[in-house]
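Notes follow once the structure below has been shown.
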Amino acid sequence: MSIQPIRLFGDPVLRMKAQPVTVFDKELRTLVKDLEETMKDAPGAGLAAPQIGVSLRVFTYHVDGEVGHLVNPDLSLSEEEQDGPEGCLSLPGLRFDTKRAHGVVAKGFTMHGDPVTVEGTQLLARCIQHETDHLDGIIFIDRLDREQRKAAMKAIRDAEWAGRPAPEVRVSPHSTFGRAL
């Protein structure tokens, strides 16, 4: 278990649809622990596996003192919406008001393969939707209206971290090459 470098906007892995987890093994449990440690160190409310360069459908969250994770999430969203500030560890220092569903019911699995359901509203709902978007290659600025997105892109170009090279991709010594297939 270790803190991993967080991939920044512009890294291609953030735009890829992550692969479903099919094997619930020690490698997956290590990934979840790495995600938790990296998220807490950042600090952030959530972190998806693609943000540390692993294209698997896994994320962690830390909202209102509750730390959890979800593997292969499937969301049901409320019709009621909320609008509020949202940021992302892959776009450090940037926050923009983003429209999201007010409530969510997320079904998936634990790192041990046990079925789990997470229900939440407000910040937890926002976090679960945000992290699930990462698993689909969507970044929260994609959900902004035209004017806000234009402002976000300018802020990204002006950010001190913009244009940094992506971290080196490490190849797993396991036969799955870092993917829990």
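Read the figures in this text as sums done on the coordinates, not as results from a lab. Predicted, not measured: the structure shown is a model, and the values here were computed from it. Ideal geometry is used to build each Cβ from the backbone, glycine not excepted, and the neighbour counts take in all protein chains shown.
Extension gain, R146 to H112: 0.36 nm times the residue separation minus the Cα-Cα distance gives 8.1 nm. Our coupling estimate for the stretch 74-89, obtained by passing each phi through the Karplus curve with A = 6.51, B = -1.76, C = 1.60 and θ = phi - 60°, is 10, 9, 10, 10, 6, 6, 5, 10, 10, 10, x, x, 9, x, 7, 5 Hz, Gly and Pro reported as x. Under a Gaussian network description of the chain, with springs only between Cα atoms under 10 Å, the residue in V23, V13, V71 that fluctuates furthest is V23. Extension gain for the segment D74 to D97, taken as residue separation times 0.36 nm less the Cα-Cα distance, is 5.9 nm to one decimal. Per residue, the convex hull spanned by the alpha carbons of the stretch 1-121 comes to 109 Å³. Please report, in debye to the nearest 20, how large the charge dipole of the chain is about its Cα centre when each Lys and Arg carries +1 at its beta carbon and each Asp and Glu carries -1 there. Here the size comes out at about 640 debye. Close amide H partners of G46, meaning residues 5 or more places away or on another chain with modelled amide H under 5 Å apart, are H62. Pairwise Cα separations in the stretch 1-70 fall into 10 Å bins from 0 onward with the following percentages, short to long: 22, 54, 24, 0.
Each residue of the stretch 126-143 was assigned a 3J(HN,Hα) from its phi angle through the Karplus curve 6.51 cos²θ - 1.76 cosθ + 1.60 (θ = phi - 60°); the sequence is 4, 4, 4, 5, 4, 5, 5, 4, 4, 5, 9, x, 10, 10, 3, 5, 5, 8 Hz, with glycine and proline shown as x.
Run the Debye formula on the Cα coordinates of the stretch 81-133, all scatterers equal and no solvent, and tell me log10 I(q)/I(0) at q = 0.25 1/Å. Relative scattering, expressed as log10 I(q)/I(0), comes to -0.95. Divided by 2.2 N^0.38 Å, where N counts the residues, the Cα radius of gyration of the stretch 13-53 comes to 1.21. Principal semi-axes of the equivalent ellipsoid, √(5λ) from the alpha carbon gyration tensor of the stretch 96-169, are 29, 19, 8 Å from largest down. Extension gain for the segment A162 to V23, taken as residue separation times 0.36 nm less the Cα-Cα distance, is 46.5 nm to one decimal.
For the listed peptides 152-158, 82-88, 135-141, a ranking on the average number of other beta carbons within 10 Å per residue, highest first, reads 135-141, 82-88, 152-158. Positive end of the dipole of the chain (Cβ unit charges, origin at the Cα centre): among T117, L94, G84, the Cα lying farthest that way belongs to L94.
Listed values for the stretch 52-57 are Karplus-derived 3J(HN,Hα) couplings in whole Hz (6.51 cos²θ - 1.76 cosθ + 1.60, θ = phi - 60°), namely 10, x, 10, 8, 10, 7, and x replaces Gly and Pro.
Under a point-charge model restricted to the Cβ atoms of Lys and Arg (+1) and Asp and Glu (-1), what is the dipole moment magnitude of the stretch 51-158 relative to its Cα centre, in debye to the nearest 20?
For this selection, approximately 480 debye.
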